[in-house]
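Participant: Sharing a structure with you now.
The values are calculated or read from the model by the stated rules, or taken from the named source; none is laboratory data. Predicted model, so just to flag it, every value in this text is computed and none were measured. Every residue, glycine among them, receives a Cβ derived from its backbone with ideal geometry; neighbour counts consider all protein chains shown. The protein model used for the area step is the full one, side chains on, heavy atoms only, and it has no ligands, DNA or RNA in it. Shrake-Rupley method; radii C 1.70, N 1.55, O 1.52, S 1.80 Å.
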Amino acid sequence: MDLSEQEVMALLHSATRGNDPSLAAAFMHFGNVSALLAGSAQEWAAFESDTGASCIVYKAVLQRICSGRLRPEERQVVDLLRDLDVQVLIPSDAAYPILLRQIPDPPPVLYRRGIWQDLNTPQIAMVGARKASPQAQKLAQTFARDLAANGLVVTSGMAIGIDAFAHIGALESGHTIAVLGTGIDQVYPKRHHRLAQQILERGCLLSDHPVGTGPAHYTFPKRNRIVSGLSRIVIVVEAARNSGSLITARHALDQNKELMVFPWSVLHHQGMGCLDLVVDGAGVIRDLQDVWLALAKTDLRLELQSMPEDQSVLNIDLSPDCKRLLRLMGDTPVSSVDLSARVKKPVTWVQEHLLELELANCITVSGFGYVRL
């Protein structure tokens, strides 16, 4: 069975049961998969000496790969990846998400399944309570729909509650990414089987767990760092104190991500975790404009310029409204309020179109306003 480098890494990942630090260390030590396959006894001894990790499992799997004598369960892993049309991404791949490379512990193997392939399109993470209130459910669905309608990808964990409503809202007008707490071949919870199918048709499923991994207490916190790592902004819609969604918030802070929350009443116990985050410095969302303003503070242009050409979202056709705004801009910074007065449109309308222009690399933030590039 001829295997790609990505499939080799997937087999190693499965054999070590998702021991990411050890596999990442091996990949970094050897530099690439070809060097892993060709590693001598002396090189593996040096790896063990440098890292303190055992290489017995690695050498056994690589020996079977080189001899073409895979175990039945190993063949099943490869066959399943191919049957489900799963794209396996490793850090050396151009399609590996740029933002994910920058977190402290990027996954050495990432599995992607679905129609959406560009994992570098700016993403907004939306997370929150599983036992979400009706108000929070509506907020998640409405904001996700509006964000997706403006070209952003909404990312969440496909859990019951806020996650599900965020995915549903995004699917109404755009694209969404679900990061699984299981293997890419699993759907959990089972009630979300139809939602998972809809996401495959309008977005994609991601997992950093080996094929066949079922739900466990440790798989979901591990998943949460991927949700925040992929995203430019992490929005906690609703969370009580000690809520599991606060794990994602902590990952966002560790990764220097912009963290935003909805300011619930002190009488709303399901939202007290959000208020605690405000005290710790999280941004407050009053309306959609607050999200646009938070995005405008980040330098999208530099990040997008660093993308490979085939992954970039810069080459898009501008809408007539964006072209109209662009004609009103020059080398002198102009604020969204000034532009609003000139075009006689609400500031929120202007902010939405400014974001589109910034994504298209037509304008940039300068001082207290925007300038044309």
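Participant: Mind checking Rg over Rh on region 73-181, alpha carbons, Kirkwood formula for Rh?
Facilitator: Rg/Rh: 1.03.
Participant: For region 1-111, compute Rh as the Kirkwood radius over C-alpha pairs and then the Stokes-Einstein diffusion coefficient at 37 °C and 0.692 mPa s; write the answer in µm²/s, rounded to an integer.
Facilitator: Approximately 228 µm²/s, per Stokes-Einstein.
Participant: Measure nothing fancy, just the Cα-based angle from helix 5-15's long axis to the longest principal axis of the chain, in degrees from 0 to 90, nearest 10.
Facilitator: Helix 5-15 sits at roughly 70 degrees to that axis.
Participant: Using Cα atoms only, what is the angle between the long axis of helix 245-254 and the major principal axis of the chain, expressed in degrees (0 to 90) to the nearest 10?
Facilitator: Computed tilt is about 90 degrees.
Participant: Quick one: net charge around Ile168, please, counting Lys, Arg +1 and Asp, Glu -1 for every other residue with C-beta under 12 Å from its C-beta.
Facilitator: With Lys, Arg at +1 and Asp, Glu at -1, the net is +2.
Participant: So what is the calculated 222 nm ellipticity per residue for the chain, using -39500 (n - 2.57) for each DSSP H run with n of 4 or more, over all residues, to the nearest 500 deg cm²/dmol?
Facilitator: Counting only the DSSP helices, I get -13500 deg cm²/dmol.
Participant: Given the options Thr121, Thr332, Thr16, state which has the largest fluctuation in a GNM of the chain using a 10 Å cut-off (strictly under) for Cα springs.
Facilitator: Thr332
Participant: For the Cα atoms of the chain, what angle does the longest principal axis make with the long axis of helix 56-67, in degrees from 0 to 90, nearest 10?
Facilitator: Orientation of helix 56-67: about 80 degrees from the principal axis.
Participant: Identify which of Ala196, Ala170, Ala53 has the largest mean-square fluctuation in a Gaussian network model of the chain, with springs joining Cα atoms closer than 10 Å.
Facilitator: Residue with maximal mean-square fluctuation among Ala196, Ala170, Ala53: Ala53.
Participant: Summing Lys, Arg as +1 and Asp, Glu as -1, what charge do residues with Cβ under 10 Å from the Cβ of Ser231 carry, Ser231 excluded?
Facilitator: Details: positive: Arg232, Lys257; negative: Glu258.
Residues close to Ser231 contribute a combined charge of +1.
Participant: Leaving out ligands, DNA and RNA, what percent of the accessible area of region 44-131 is carbon and sulfur, probe 1.4 Å?
Facilitator: Working: 2110 of 4220 Å².
Ligands and nucleic acids excluded, carbon and sulfur reach 50 percent.
Participant: Now, a different point. Keeping all protein chains in the complex and leaving out DNA, RNA and ligands, what accessible area do you get for Leu200 with a 1.4 Å probe, in Å² to the nearest 10?
Facilitator: 20 Å²
Participant: Would you look at the GNM of the chain, springs on alpha carbons closer than 10 Å, and say which of Asp20, Asp276, Asp83 moves the most?
Facilitator: Asp83
Participant: Relative to the compact-globule scaling 2.2 N^0.38 Å, provide the ratio for the alpha-carbon radius of gyration of the chain.
Facilitator: Numbers: Rg = 22.2 Å, N = 373, 2.2 N^0.38 = 20.9 Å.
That ratio works out to 1.06.
Participant: Further question: In Å², and per residue, what accessible area does the chain have when probed at 1.4 Å with the other protein chains present?
Facilitator: 45 Å²
Participant: Over the heavy atoms of Glu352, what accessible area does a 1.4 Å probe trace out, to the nearest 10 Å²?
Facilitator: Glu352 exposes around 50 Å² with every protein chain in place.
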